[in-house]
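Below is one structure, written out as C-alpha cells; the observations come after it.
The values are calculated or read from the model by the stated rules, or taken from the named source; none is laboratory data. If you're wondering where the values come from, they're calculated on a predicted model, not measured in any experiment. No Cβ is skipped: glycine too gets one built from the backbone with ideal geometry, and neighbour counts run over all protein chains shown.
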Amino acid sequence: MTGDVACAEGALAAGCLFFGGYPITPATEVAERMSHRLPEIGGTYIQMEDEIAAMASIVGASCAGAKSMTSTSGPGFSLMMENLGLAVITETPCVVVNVQRAGPSTGLPTQGAQGDMMQARWGSHGDYEIIAMAPASAQEIFYQTIDAFNLAEKYRTPVLIMTDEVIGHMSERVVIPDAKEIKTIERVKAKGRKDRYRPYAAGALGVPPMANAGDGYKVHVTGLTHDEMGYPAMTVEAQAVMMERLMGKIQNNRDDIIRYEEFMTEDADYIIVTYGVSARTGRAAVEEARAQGIKVGMLRLITVWPFAEEKIRDLASKVKGMVTVEINLGQVHLEVERCVAGRVPVKLVGHPGGTLISPDTVIHTIKQEFGV
Amino acid sequence: MTTAQEAQREAVKHPLDDLLRTERIPHIWCPGCGIGTAFSSCLMGMKESGIDLDNTVMVSGIGCSGRGAGYVKLDSYHTTHGRAIPFATGMKLANTDLNVVVFSGDGDLFAIGGNHFIHAARRNVDLTVVCVNNFNYGMTGGQVAATTPHLAKTTTTPLGNPDSPFNLPLLAYACGASYVARWTTLHARDLTSAIIEALANPGFSFVEVLAPCPINYGRRNKEKPLDTLRLFQEKSIIKNNAHPTELDVDWERGVVLGTFVNNPRPCSTDMYDKVCRLEEKPPKKSAA
C-alpha cells in the first residue's frame with residue numbers, strides 16, 4: 001500500500017476515531033482512506049470547509065474524548081498553524097500529518113520536498129515545544145502514526161508526522177500486525193473529587209490528567225494564558241509558570257521522546273545527518289562510499305523535533321566532518337550547525353524540492369568538501 | 001453562621017449562581033453592555049429547557065461575547081478567533097451525547113468565522129449558536145464590523161461606514177439553519193424562550209441577540225445607553241415567521257424580531273449514520 005494509506009491504517013490501529021479532513025495533493029489519500037474506514041468502526045470522518053476548520057475540529061473532538069487526526073500539505077499546514085497553537089496551549093492530544101510538497105505557496109503540488117521542517121518547529125506564534133516525526137517508508141509511517149498518537153496522549157500535545165510526497169504516494173509492502181501486538185497509550189484521565197480537580201496542575205511527567213467534556217469535571221479550557229484552574233490569568237507571573245511547565249513537559253522528557261537510528265556510525269569519519277525520505281538517499285550513499293573505501297555513517301532522525309542535540313554533539317566529537325541531507329535549502333541543517341558549533345566542518349546537501357537527492361551528490365560533496 | 005446571615009446570603013443569591021463560576025465575577029463587560037443580559041437569558045434557557053447540564057458544553061470564540069465560556073460552570077471552551085463553530089462541530093461529532101452551545105459575537109461568528117457558520121448551517125450540525133450582535137468590535141475598542149449599520153461611525157470608519165451590514169437571519173436561513181430567531185437584550189423573556197426552542201431543535205439553531213455597546217459603539221453614534229434600549233423598544237416589530245428578506249437591521253424603518261425558521265430536518269450525524277455507515281443499509285438484491 002502507499003504511505004498515505006499506511007498512515008491512515010496506523011491511525012486506526014492507534015485508536016483514532018475522528019478525522020477532520022480537507023483535500024490537498026499529495027495528502028488526499030489519507031483523508032480518503034479514513035473516510036472509507038472510520039464509519040465501519042464507529043468513528044467519524046468529516047470533510048471540513050478549510051484546513052483552519054479541519055484543525056479546529058480535531059482539537060474539539062479530542063476535548064470530547066476521541067483520538068483525532070487531520071492530514072494536509074504545505075498550504076493547508078500554514079492554515080493549521082493557528083489552531084495547532086490552541087492544541088499546544090490547551091494541551092490537547094492530536095496528530096497532524098503533513099505530506100510535504102515543494103513550496104513556497106502553491107509551489108509544486110505533486111512533487112515532494114522537506115521544506116516545512118522549520119514551520120513544524122516554529123510555525124504557530126509564540127514559544128512552544130512540539131514533537132515532529134519523519135518516516136522513511138510506508139511500513140514505518142504505519143508504526144510511526146501509532147507512536148505519534150501514543151506520544152500525543154502521553155504528553156497531551158499535538159504531534160506532527162512530517163512525511164513527503166514520495167513516501168505518501170509510493171507503494172511498498174506493509175505488514176499490519178495483529179491488534180494484540182500493537183501497544184496503544186491512552187491519556188491519563190482526571191479522577192477523584194470533582195471539586196478538587198485542578199485541570200492544569202502538573203501530574204506525572206509534568207502532564208496534567210485530562211477531563212474530557214461530559215466527564216463531569218466542568219473544566220474551563222482557554223487559549224489565553226491560564227492558571228492551574230484553567231482560568232485566564234493575565235499576569236507576567238502566570239505566563240512564566242505556564243510556559244515553564246508547557247516547555248518542560250517536553251524538554252524534561254527528551255530521552256523518552258527522541259528517537260533516532262544510527263547506521264554504520266561506530267567507525268565513521270564522516271556522518272550524514274538526515275531524516276524522512278532523504279534517509280533512503282543517505283543509506284545508499286553510506287553503502288556506496290564504504291564500497292569506495294570512505295568511512296561514512298548516517299544518523300537518521302526519526303523524531304526531528306525535539307532535536308537530538310546531545311547525539312549530534314557526541315558524534316561531532318568523534319568524526320572529521322558532517323553533512324546534512326534534506327530536500328530544502330537548509331533548515332534542519334541550521335540546527336546541526338548549531339549543535340556541532342564549529343568542532344568539525346558541516347556541509348549542506350540540499351535541494352529546492354521536486355525530486356530526491358541522488359546518493360552520488362552526497363558522496364561528491366563529501367569528497368569535495370572534506371578532501372577525501 | 002447565624003440563621004439571619006444564612007437568610008441574607010440566600011436572599012442575595014442569584015438564581016443562576018449554580019451555573020456560574022462565581023469566583024470569576026466581576027466579569028469584564030462594561031457598564032451598560034448587553035452581553036450580560038444575553039448571557040443570562042442563555043443560561044436561563046439552558047436551565048429551564050431541562051437538558052442534561054452535565055453533558056452540556058459552551059464553546060466561545062474571541063471577543064467580548066467570547067468571554068461567555070469563561071463564566072459558565074459547565075465544560076466550557078474558549079477557542080481561537082472565529083473557530084468556535086468548527087471546534088464545536090468536532091466535539092459534537094466525537095460525542096453526540098453532548099449538547100453543544102456556541103456563544104460568541106458578530107465579529108467572531110460572521111467576519112473571521114463566516115465560512116464556518118455557513119457550512120455548519122448547511123450540514124445542519126446539531127449546535128445552538130447564540131450570536132450577540134453589538135454592531136462593532138468591542139474588545140479592540142470599537143472598529144467597523146460586518147454588522148455595523150451603513151454610515152455608522154467607528155474608530156476605523158470615522159466618517160461613516162461605507163458598506164452594508166449582514167442580515168444575519170437571512171444568511172442563516174439561506175444556508176440551511178433549521179431554527180432561526182432574533183431578539184434584543186430588552187426582550188429577555190422572549191430570548192429565553194427562543195434559547196429553549198433552539199436547544200430542543202435537533203439541528204443547527206441560530207439565535208441573534210441585538211445588544212447595546214454604549215462604550216464603543218453608542219458613544220460614537222450619539223446613542224446613550226438608554227437611547228439604544230429605547231430604540232429596541234420603540235423601533236422593534238415582533239413578527240414571527242416574517243420572511244428573512246424583511247430582516248435588515250434598519251432602525252429608521254423598524255427592526256423585525258421573532259422566530260423566523262423552526263423547521264426541523266435530519267441533522268448531520270443522523271444523515272452520516274444513515275448514508276455512510278454500511279451496516280445501516282439494507283442488503284443489496286441478488287442479480288439472480
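When we screen B:L199, B:L151, B:L159 for residues that are modelled with pLDDT of 95 or more, closer than 20 Å to B:V261 by Cα and outside any strand (DSSP E or B), the only hit is B:L199. All of A:V286, A:V296, A:V336, A:V340 fail the test of being buried (at least 20 other Cβ atoms within 10 Å of the Cβ), under 30 Å from A:T106 (Cα atoms) and at pLDDT 95 or above, apart from A:V336. Taken over region B:17-44, the criterion of being of a type outside the set (A, V, I, L, M) and in a helix (DSSP H, G or I) is satisfied by B:D17, B:D18, B:T22, B:E23, B:R24, B:G36, B:T37, B:F39, B:S40, B:S41, B:C42.
Might you check whether a residue that is closer than 24 Å to A:Y217 by Cβ, hydroxyl-bearing (S, T, Y) and without any contact (Cβ under 8 Å) to a residue 60 or more places away in the chain occurs anywhere in region B:2-20? No, every residue in region B:2-20 fails to be closer than 24 Å to A:Y217 by Cβ, hydroxyl-bearing (S, T, Y) and without any contact (Cβ under 8 Å) to a residue 60 or more places away in the chain. Is there a residue in region A:150-164 that is aromatic (F, W, Y) and within 14 Å of chain B (Cβ to nearest Cβ)? There is no residue in region A:150-164 that is aromatic (F, W, Y) and within 14 Å of chain B (Cβ to nearest Cβ). Does A:R245 fit the bill of being more than 30 Å from A:G297 (Cα to Cα), assigned to a loop (DSSP other than H, G, I, E, B) and not assigned by TED's automatic domain parsing to the domain that holds A:G60? Considered against the rule, which asks whether it is more than 30 Å from A:G297 (Cα to Cα), assigned to a loop (DSSP other than H, G, I, E, B) and not assigned by TED's automatic domain parsing to the domain that holds A:G60, A:R245 comes out as no.
I need the full set of residues from region B:177-196 which are in a helix (DSSP H, G or I), in contact with a Phe, Trp or Tyr (Cβ under 8 Å, 6 or more places away or on another chain) and under 14 Å from B:F232 (Cα atoms), in order please. Residues satisfying the conditions are B:D190, B:L191. Filtering region A:1-39 to residues that are among the charged types (D, E, K, R) and either surrounded by 19 or more Cβ atoms within 10 Å (Cβ to Cβ) or within 20 Å of B:K92 (Cβ to Cβ) (or both) leaves A:D4, A:E9, A:E29, A:R33. The conditions of being under 22 Å from A:Y260 (Cα atoms) and within 14 Å of chain B (Cβ to nearest Cβ) are met by A:V96. Whether a residue is within 14 Å of chain B (Cβ to nearest Cβ), in contact with a Lys or Arg (Cβ under 7 Å, 6 or more places away or on another chain) and surrounded by fewer than 22 Cβ atoms within 10 Å (Cβ to Cβ) was assessed, and A:G42 does not pass this test. In the set (1) out of contact with any Ser or Thr (no Cβ under 7 Å at 6 or more places or on another chain); (2) within 23 Å of B:A194 (Cα to Cα); (3) facing another protein chain (nearest Cβ under 9 Å); (4) β-branched (V, I, T), the condition left unmet by B:T80 is number (2).
Restricting attention to region A:179-202, the residues that are assigned to a loop (DSSP other than H, G, I, E, B) and over 16 Å from A:D147 (Cα atoms) total 11. Taken across region B:86-95, residues that are within 9 Å of chain A (Cβ to nearest Cβ), part of a strand (DSSP E or B) and at pLDDT 95 or above do not occur at all. Test B:L199 against the stated conditions and say whether it is under 24 Å from B:G107 (Cα atoms), in contact with a strand residue (DSSP E or B) (Cβ under 9 Å, 6 or more places away or on another chain) and buried (at least 24 other Cβ atoms within 10 Å of the Cβ). So B:L199 fails the test. The set of residues in region B:97-124 being assigned to a loop (DSSP other than H, G, I, E, B) and either in contact with a strand residue (DSSP E or B) (Cβ under 6 Å, 6 or more places away or on another chain) or more than 9 Å from every other protein chain (Cβ to nearest Cβ) (or both) consists of B:L98, B:G113, B:N124. Residues in region B:46-61 that are facing chain A (nearest Cβ under 8 Å) and under 27 Å from A:E49 (Cβ atoms) were compared, and the one that is surrounded by the fewest Cβ atoms within 10 Å (Cβ to Cβ) is B:N55.
So, of the residues in region B:1-43 that are of a type in the set (S, T, N, Q) and more than 14 Å from chain A (Cβ to nearest Cβ), which turns out to be surrounded by the most Cβ atoms within 10 Å (Cβ to Cβ)? So the residue we want is B:S41.
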